[in-house]
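To keep things clear, I will list the structure first and then write my remarks on it.
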Amino acid sequence: GTDGDHAVAIIGRKKVGGICHYLLRDNVNEPCSSLHQRFIERCNNGHIWLSESELAETMYSVTYLR
């Protein structure tokens, strides 16, 4: 995994124990390979659920598409 500049899409949302979790899709040739090392084992075929706090601490820019 790398910690470089990388874009993922948020494709889902759910609440677990009152905490929002977001489903991210990683669209690189090797799914999950570009995620932060601590998340790779939780990734499933390019999809990973992150809690709101995990997402907030790992992102620096957001683009909304309507």
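The values are calculated or read from the model by the stated rules, or taken from the named source; none is laboratory data. Quantities reported herein were computed from a predicted structural model and do not represent experimental measurements. Cβ sites come from the backbone with ideal geometry, for glycine too, and all protein chains shown count toward neighbours. Just so you know, the surface numbers come from the protein's heavy atoms only, side chains and all, with ligands and any DNA or RNA stripped out. Shrake-Rupley method; radii C 1.70, N 1.55, O 1.52, S 1.80 Å.
Observations
- Selected residue [in contact (Cβ under 8 Å) with a residue 24 or more places away in the chain and assigned to a strand (DSSP E or B)] from 48, 40: 48
- Within region 13-23, the presence of a residue that is out of contact with any helix residue (DSSP H, G or I) (no Cβ under 9 Å at 6 or more places or on another chain), open to solvent by less than 80 Å² (accessible area, probe 1.4 Å) and at pLDDT below 90 is excluded.
- The set of residues in region 11-37 that are assigned to a loop (DSSP other than H, G, I, E, B) and either more than 17 Å from residue 63 (Cα to Cα) or among the aliphatic types (A, V, I, L, M) (or both) comprises 17, 18, 28, 29, 30, 31, 32, 33, 34, 35, 36.
- Checking each residue in region 24-39 for being hydroxyl-bearing (Ser, Thr, Tyr) and crowded, with 17+ Cβ neighbours inside 10 Å picks out only 34.
- Candidate set: region 44-66, residues that are over 12 Å from the mean Cα position of the chain (by Cα) and of a type outside the set (S, T, N, Q); chosen: the one surrounded by the fewest Cβ atoms within 10 Å (Cβ to Cβ): 66
- In region 24-66, residue modelled with the highest pLDDT [restricted to those that are of a type in the set (S, T, N, Q) and within 13 Å of residue 9 (Cβ to Cβ)]: 63
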